[in-house]
Amino acid sequence: MAEQKIIAVVGATGAQGGGLVRAILADRAGGFAARAITRKPDSDKARALAAAGAEVVAADLDDEASLARAFGGAHGAFCVTNFWEHFSPEKEQAQARNMAAAAKAAGVKHVIWSTLEDTRRWIPLDDDRMPTLMGRYKVPHFDGKGEADAFFTAAGVPTTFLLTSFYWDNLIHFGSGPTPAGDGRLAFTLPTGDAPLPGIAVEDIGKCALAIFRRGAETVGRRIGIAGEHLTGAQMAAALSRALGREVFHNAATPEQYRGFGFPGADDLANMYQFNRDFAGEFCAARSVAATRALNPELQSFDDWLARNAARIPLGE
């Protein structure tokens with residue numbers, strides 16, 4: 001049997017990276033081995049990955065040298081940042097620059113950079129349809145990643161730019177699920193009006209990323225968007241009603257109302273949902289469900305995901 005090619009996975013104990021590590025481990029005959037990169041190799045999540053068969057390596061996204069060591073000997077690297085850990089697009093960009101430089105130094109043959117649109121291409125900073133945040137962004141957690149695309153290109157590393165979608169897992173882990181409306185019903189708040197929102201299961205992101213590594217050179221230089229379904233808030237609420245056996249209605253708050261909710265990052269998320277709403281045609285077109293299914297034939301619909309996960313969604317009761 002040919003020696004397996006190592007895929008170094010940044011954020012291996014997080015959502016996207018964890019999904020990719022599990023996909024590699026599940027594909028025993030696939031020709032790839034998982035190297036799980038984490039700041040905390042002694043954490044419970046890292047130990048679980050090691051027990052499942054992953055090589056666990058310590059590195060810090062703020063330390064380029066540690067990343068270069070962690071990428072050493074790897075065929076591929078999956079690169080991702082976590083805005084919600086620090087709320088700083090500048091930190092995301094610095095980390096992306098470190099990953100790009102480390103991949104170049106280590107001679108990595110194929111990088112997947114998990115990115116998003118730079119929304120300022122559609123909504124310039126002087127466009128008052130949407131407030132400017134932090135002085136130079138419209139949607140900071142999008143724009144910082146989009147701006148960082150250039151670091152991978154400039155470094156000269158063979159890169160595929162992966163555009164992800166709203167994680168349905170956010171309903172479990174990020175407080176995005178339905179909440180009591182006070183009348184026996186549950187309210188699902190999504191400030192996207194009647195526009196469809198691309199969504200996907202985190203596990204399917206990992207499977208799609210693995211498929212991109214399998215396809216190799218043909219994907220280098222491309223922007224590949226993925227989604228399991230494009231659903232409106234009302235359609236998601238209806239699916240939640242079926243899965244939970246409770247009436248769930250779509251609370252179609254406006255982005256302005258959502259900004260007023262006041263939790264950390266509310267203004268960023270409100271702008272994101274407004275961008276999803278106002279540019280739904282382009283946003284959805286960049287994330288073809290059919291193309292995603294071609295990458296991952298096991299792609300889940302929202303109903304599929306709910307059948308497996310509805311019981312895990314906290315309802316705030």
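The values are calculated or read from the model by the stated rules, or taken from the named source; none is laboratory data. This is a predicted model, so every value here is computed, not measured. Quick reminder, even Gly has a Cβ in these numbers, built from the backbone with ideal geometry, and neighbours come from all protein chains shown. Quick note on the areas: whole protein, heavy atoms, side chains included, nothing else; ligands and nucleic acids left out. Shrake-Rupley method; radii C 1.70, N 1.55, O 1.52, S 1.80 Å.
Quick look at the numbers
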| quantity | calculated |
| --- | --- |
| Among ASN82, ASN276, ASN98: highest mean-square fluctuation, GNM of the chain, C-alpha pairs under 10 Å | ASN82 |
| Three-way shape label, region 269-317, alpha-carbon gyration tensor, a/c 1.5 | oblate |
| Per residue accessible area in Å² of the chain, where ligands, DNA and RNA are left out and the probe is 1.4 Å | 42 |
| Peptides 36-44, 255-263, 223-231 ordered by average Cβ neighbours within 10 Å, highest first | 223-231, 36-44, 255-263 |
| Stretchable slack from PHE263 to GLU317, in nm (0.36 nm times residue separation minus alpha-carbon distance) | 17.5 nm |
| For region 12-141, convex hull of alpha carbons as volume per residue, Å³ | 121 |
| Projected label distance in nm at ASP304 and GLU218, using a 7 Å step from Cα toward the beta-carbon | 2.1 |
| Computed E for GLU55/TRP84 - FRET, C-beta separation, R0 22 angstrom, nearest 0.05 | 0.25 |
| Where labels lie 7 Å past Cα in the beta-carbon direction, separation of SER288 and PHE174 in nm | 2.5 |
| Reported label for calculated Rg/Rh (Cα atoms, Kirkwood Rh) given [x] 0.94; [y] 0.96; [z] 0.99 | [y] |
| Student exercise, the chain dipole from Lys, Arg, Asp, Glu Cβ charges, in Debye to nearest 20 | 880 |
| Greater than 19 Å apart at Cα, pairs in LYS5/LYS109; LYS91/LYS145; LYS5/LYS207; LYS109/LYS145; LYS45/LYS109 | LYS109/LYS145; LYS45/LYS109 |
| Charge dipole (the chain, unit charges on Cβ, about Cα centre) - positive-most of PRO89, PRO124, THR254 | PRO89 |
| Residue-averaged [θ]222 nm for the chain, counting only DSSP H segments that reach four residues, each worth -39500 (n - 2.57) | -12500 deg cm²/dmol |
| Simple label model, 7 Å out from Cα along Cβ direction - GLU3 to ALA181, nm | 6.1 |
| More than 24 Å apart - percent of Cα-Cα pairs taken over region 66-185 | 39 |
| Percent RCO, i.e. relative contact order, over the chain, from Cα pairs under 8 Å lying at least 6 residues apart | 17 |
| In region 132-182, the chymotrypsin sites (Phe, Trp or Tyr not before Pro) that fall in loop regions by DSSP, at most 15 other Cβ within 10 Å | PHE174 |
| Carbon/sulfur fraction of accessible area - the chain, other protein chains in place, 1.4 Å, % | 51 |
